[in-house]
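In what follows, a single structure is set out as C-alpha cells and then discussed.
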Amino acid sequence: MQGAARIRSRTLDQRLECPILFGLWTHRVPRTSFIPRTADVAEYRPQDFEAHWQRYWVEQKTFRTPEHPQGEKFYCLDMFPYPSGSGLHVGHPLGYTATDIICRYKRMRGVSVLHPMGFDAFGLPAEQHAIKTGEHPGRITDANCDHFLRQMKSIGFSYDWDREIRTCDPDYYRWTQWIFLQLYHAYFDHELQKARPIDELPIPAEVQAEGEEAVRRYRDDHRFAYYTEADVNWCPALGTVLANEEVIDGRSEVGGHEVVRKPMKQWMLRITDYAERLLADLDTVDWPESIKEMQRNWIGKRHGAEIDFEVVGHDHTLSCFTTRPDTLFGCTFFVLSPEHPLVDELTTDDRRSEVEAYREKARLMSDFDRTIENREKTGAFTGAAVVNPINGREVPLLIGDYVLMSYGTGAVMGVPGHDDRDFVFARNYGLEIIPVVTDPKADEPRRRAILEGEYCFTDPGVMLPCDDPVFVELGLEGKSNEEAKWIITDWLAAQDRGRKVVNYRFRDWLFSRQRYWGEPFPLIHWEDGEVTTLEASELPLTLPEVEEYKPSDDGESPLARAEEWLEVVDPVTGRRGRRETNTMPQWAGSCWYYLRFVDPHNEKTFCDPLLEKEWMPVDLYVGGAEHAVLHLLYARFWHKVLHDLGHVSTNEPFQRLFNQGMINAHAYKDERGALVPVDEVEVDGNGLATRISDGAKLQQIIAKMSKSLRNVINPDEVIAQYGADTLRLYLMFMGPLESSRIWDDQAISGVYRFLKRSWTLITENRDQGVREFVDSGDEARESLRAIHGAIVEVTRDLDTLSFNTAISHLMECLNALSGQAFSKQTAEYFTLLLAPLAPHLAEELWRRLGHDASLAYEHWPVADEKALAEDTTLVVIQVRGKKRAIVEVDKKIAEDELKAAVVGVMADTNFPVAVEDRFIVVRDKKSGEPRLVNVIVQ
RNA sequence: GCCCGGGUGGCGGAACUGGUAGACGCGCCGGACUUAAAAUCCGGUGGGGAUAAAACCCCGUAAGGGUUCGAGACCCUUCCCGGGCACCA
C-alpha cells in the first residue's frame, strides 16, 4: 500500500497547498515530507535563496560574454527549442543542464565562454493555433517564448540573455533572407567543388548565341535556389507541402496526416551538389559515430555504372544505373518507371491501352502505398524491346511502379537471378531467369537452386561459365563478381556504351511551404516571366497582416490574399509583378542561428567577420539525435556555401556534437496491451501493478512521456518541491548523458539528501554563517585526502562530461568529510567543486563563507599532490589469477621484498606460494607503484 | 533484411588503456531518536555454502566457445533489447 501512495503522489495536484510566491512567478507548493517545516529556520531550504541568486545573476550580468575571447575560448551551444504551448518538459533541461555545468566549469578555469540561447520561433503549431483562433501567430509565439524564458531562468542556467534571438524577429529573418539571396546568386563549380558567385558561371557559346533570355535560363538552371515543377509531398490536412524528411511512412511527421504526391511549382535548394563534401567532411568532425553513419546513409553514395541500351526500331538509347554491372550478362528484361517521359513514344499500339491503364493506376497511387515494403511487383509490357550492349541480346521493355523516376535515370536493367525485386517481378510475368554469379561456399542443393533460377543470389560470389563471346574474351569465368564489375564497366566505357558513375540517394531540398508563419522569400515574379530578388538594403521583407491564416484548398499560401503586399509595380518601367507567396520552411532559421549568436545585434551584417573568426566553430553542440539528418545536414550545407563565398572562416560549423538521451517514464498496460494512465494505477510493495478501478493486473513498461499517459514531468513542479539544484543534479545523476533514462520520482530524494547534507556539513544548520573549522595545520589527514581526491576526480569527470560520476565523487567526499574535522579551505574547495552542478547552493554557501561576490569566476581548485601522497599502498595478491588476499606494502618496495611479503601473507592460507613460483607483478603505469601480484604455482 | 548502439544486484548505474566486479544513489532490512509517525543519524544489503560467531570456500557481468598469468572489457558464434534506414536498382 505504501507503493500505491507513491504512484498516486505523482499527480501533485492532490496535495497542493496554498500558492506561495516563489521566484519570478507563482508556484504552488505541494505539502510533502521533504519541505522542512518553517520552524527549522536554518535547514536547507532552496526556496529561500534560489530566486535570489537567479535575480543576482541577471542584474549583475554575471554571465555576459566577453566581447572578444581572451585566451582559450569555448562556444557551447544547445539546440534551441521550438516554443511550444505546453512549456518546458524535463527533456529540455537535460541537455541544457549539461551545457550549463560545462560552461560554469570552463569559466572557473579562465576560459572565455559563449553560451547563448534563443528560440526556433517560426513553425506550424503556432500557425495552426492561429487558424483555429484567428490570433496572430506572433502573439502566441511571443507568449510561449516568455513562458520558456521564465522556466529556463528558474533552473538557473547561465546563458548570456543579452544575446537571445528569435527566428521570427524581422531583425533576425532579415539575415535569413539575406543568406537566401547568397544562395540564389551562387552556383556550384563542380571542378573546384565549391560555390561561386553566379556572375562567374561560364556561359557556353551556344547558349550565348541564343540571346539574353537563354543566358538567363542557363543561369537559373545553376543557382543553388531554383524554381521548378516537382512532384511534391502534399499534405491536404496541413495544407502544405513537406520535405521528404518530414514524411514518415507516408504520413506527415507532424500530426500523422496522409500525404499524397502532387506536381507543384516549388523552390528547391541544390544541396546534392555538396554531397561529396558533406560526406567527406564528416571525417573531420567529432560527432557520435551513429549520427555520422545516419548522414552517410542519408546521402547514400553508390558506386556503379550507367549502361546504355538501344531501343529496337527507335533512335533512342535508354540508360540505367546499376551497382551490379557484373550481372549484365544475366539481364533478361528492362523496366522503366511509369512516369518515364519516353514511355508514350515507345509503347506499341497493341499494348497502348494496357500501358495507359497501368500508368493511370500508378499516378493515382499515393507514395505511401507505392512504397510499402515487399509489395507485389506489378508492371506492363510496352511491346518494345531494348538491346543488351554486351551481348546484343534483345530483351523486352516493361514499365513497373517499383522503378522510381526520382532515382538514377528512372530505368532499371532486369537481372532476376541476382536482384530480389527483379526476381519477384520476373516470376510474376514469366520472364527468363539467367544466373551468372554463384556462391562458392554454398552446399550442393543451394548451388543447384541458383543454377536453375529457383533461388535469387544477391551476395558476393564468383562468375559462372557463359558462352557469350565478350564474356569469354574478358576471361570472366571463375573471377569474383567484384572484379568482374570493373572489368565489364571498363569494357563498356571503351565501347562508349556505358561509364562508371557515382550516384547519391538523397535529393535536393524542397525549400518552400504554403504557410503564413515563416520567412517570406525576397523575390518578385514579374509579368514577363522574369524573377528578380530584392536588394539587401530592402530587407527585411516583413510578413503582411492577413485576415485568415489558412492556405487555400489548391495549396496557395495565405500570403496570396494579402493584395497590397503582394502586388508590386516597378517604379521605373511600370512593369507589374507579384511577390513570392510561399514562405521558407522552419529549418531555415535554425540553419545559421549559431552564427547570429556570435554577433546578435549587428545591423550592418549577419555576423561580423572578426567575431566569427574569434568564436567559431561551435566547440560543443548538445541536442537530441532526432535532428541527425535534417537540421544538422541543412546547417552544414548553408555553412559550406557561406564559407565558399567568403562569409565565414570555418568549413564545418559544429566541431563536436553530443546527443543527450531521452527521458522516459514508467507506464502500464493491461492484458489487451492497452496503455493505462499512471494515475489510474496502484503499485504494491512487491512492485505488482493493478488498475485502481477494477483491480486488473497490469504490466509495467517503459514509454516516452506523453500527455495521454499522464506521465509527463513538469520541471516547475519538481522545482517547487525540491528546488532547482535538485532538479539539475537528479537529471545529471540518472546516468550517462548520452543514454536514455527513466524518470523515477523516488530516486530524486537521493540527490536532495546529498544537497541537504552538503548544506548541513558546512553551515551546521546555523541561522547565519557557517560551522567552526579547524586550522589548516590541524586538519585530519582523511579530510585532506577526501577533498583533494575529489578535486582530481570531479575535474576529470567534468572534462569528459561524466556528470553522474562527478556527483558520485562529491557524495563520497561528503561521506568522508562527515564527522571529520576539516578546515575552511576544504569547505571552500568543496563549495567550488559543487558550484557548476548546484550553483544556487554553492553561491549561498560561498556568501556564508564570507565572500561578497559571485563565485562564478573563482579559480577552480587544484589538487595538492602532497595531500594525496601515501607511503604505503595496497597490493592485491592473486594465485592462479584468483584474488586471495590484500597486503599493504611500502610504495617503493623492492621486487624480492615484495615476493617475500606475498609468500609470508599466503603461508598460513589454503594457497601457499613459494619464491620459486612464477610472479607477475603489475605496476601502476604512471607512478610505477605495485598494484597486483599474480602467482602461478607450479 | 541492412547499418549503428547496448545487455553488469530488486532498480538507476560504477569499473581510467586487459589487473580487487558491483563505486555512488534508490529500494529493502536492522538499530538510535520519538508517546507515535515523518524527517534525521548509524549499520547491513549480488547469489550460494560453511560457522556458535568469524575466518573461509564456491558461483557470478545475456548464452556458448577462444586468446591471456589474468577477461565485464579483446576475438568468434548465438540470443535478446533500443535506435536508424529500407522497392534507391
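Worth a mention:
- Residue A:829 - accessible surface, heavy atoms, 1.4 Å probe, Å² rounded to 10: 50
- Solvent-accessible area of residue A:154 with every protein chain in place, 1.4 Å probe, in Å² to the nearest 10: 10
- Under 12 Å, Cβ to Cβ, from residue A:140 - net charge with Lys/Arg +1 and Asp/Glu -1: -2
- Cα-centred dipole magnitude for segment A:811-902, charges only on beta-carbon of K, R (+1) and D, E (-1), debye, nearest 20: 500
- In segment A:301-504, the convex hull through the Cα atoms has an average projected area of 11.5 nm², a quarter of its surface area.
- Listed residues A:910, A:637, A:269: farthest to the positive end of the dipole of chain A (Cβ charges): A:910
- Ligands, DNA and RNA left out, the accessible area of segment A:42-147 computed with a 1.4 Å probe is 47% carbon and sulfur.
- Relative contact order of segment A:492-640: 23 percent, from C-alpha pairs under 8 Å at least 6 residues apart in sequence.
- Cα centroid separation - segment A:168-184 against segment A:450-469, whole Å: 57
- Surface analysis of chain A yields an accessible area of 45 Å² per residue, using protein heavy atoms and a 1.4 Å probe.
- Lys, Arg +1 and Asp, Glu -1 on Cβ, resulting dipole of chain A about Cα centre, debye, nearest 20: 3020
- Cα gyration tensor shape for segment A:104-190, rounded if a/c is under 1.5, else prolate or oblate: oblate
- Ratio of the Cα radius of gyration of segment A:364-474 to 2.2 N^0.38 Å, where N counts its residues: 1.19
- In terms of packing, defined here as the mean over residues of other Cβ atoms within 10 angstrom, the peptides A:114-123, A:833-842 line up highest first as A:833-842, A:114-123.
- Accessible-area ranking of A:441, A:194, largest first, probe 1.4 Å: A:441, A:194
- Accessible surface of residue A:323 - all protein chains present, 1.4 Å probe, nearest 10 Å²: 50
- For the pair segment A:581-639 and segment A:92-126, the centres of their Cα atoms are 15 angstrom apart.
- Pairwise Cα distances in segment A:870-936 exceed 19 Å for 22 percent of all pairs.
- Residue pairs exceeding 32 angstrom between C-alpha atoms, taken from A:61/A:707; A:106/A:824; A:73/A:926; A:883/A:926; A:194/A:292; A:194/A:500: A:61/A:707.
- Cα shape, segment A:593-642, gyration tensor, a/c 1.5 rule: prolate
- Electrostatic bookkeeping for residue A:762 treats Lys and Arg as +1 and Asp and Glu as -1; over the other residues with beta carbon under 12 Å from its beta carbon, the sum is +3.
- Electrostatic tally near residue A:812: other residues with Cβ closer than 13 Å to its Cβ, Lys and Arg +1, Asp and Glu -1, net -1.
- Protein-only accessible surface at a 1.4 angstrom probe places the residues A:132, A:613, A:153 in the order A:132, A:613, A:153, largest first.
- Oblate is the label for segment A:158-250, because a/c, from the alpha-carbon gyration tensor with a ≥ b ≥ c as root eigenvalues, is 1.5 or above and a/b does not exceed b/c.
- Kirkwood analysis of chain A, using all unique Cα-Cα pairs, places the hydrodynamic radius at 33.4 Å.
- Relative contact order of chain A, defined on C-alpha pairs under 8 angstrom at six or more residues apart (%): 14
- Projecting the Cα atoms of A:429, A:458, A:407 onto the charge dipole of segment A:404-513, computed from C-beta unit charges around the Cα centre, puts A:407 farthest toward the positive end.
- Vicinal HN-Hα couplings computed from phi for segment A:907-924 (Karplus, 6.51 cos²θ - 1.76 cosθ + 1.60; Hz; Gly/Pro x): 3, 8, 9, 6, 10, x, 10, 10, 4, 6, 5, 7, 10, 10, 9, 9, 10, 4
- Relative contact order of segment A:677-782, pairs being alpha-carbon contacts under 8 Å that are 6 or more residues apart, as %: 13
- Of the residues A:200, A:563, ranked by 1.4 Å probe accessible area with the largest first, the sequence reads A:563, A:200.
The values are calculated or read from the model by the stated rules, or taken from the named source; none is laboratory data. Note that the structure is predicted; figures quoted are calculated from it, not measured. Glycine gets a Cβ as well: all are built from the backbone with ideal geometry, and neighbour counts include every protein chain shown. Ligands, DNA and RNA are stripped out before the accessible areas are found, and what is left, the full protein with its side chains, is counted by its heavy atoms. Shrake-Rupley method; radii C 1.70, N 1.55, O 1.52, S 1.80 Å.
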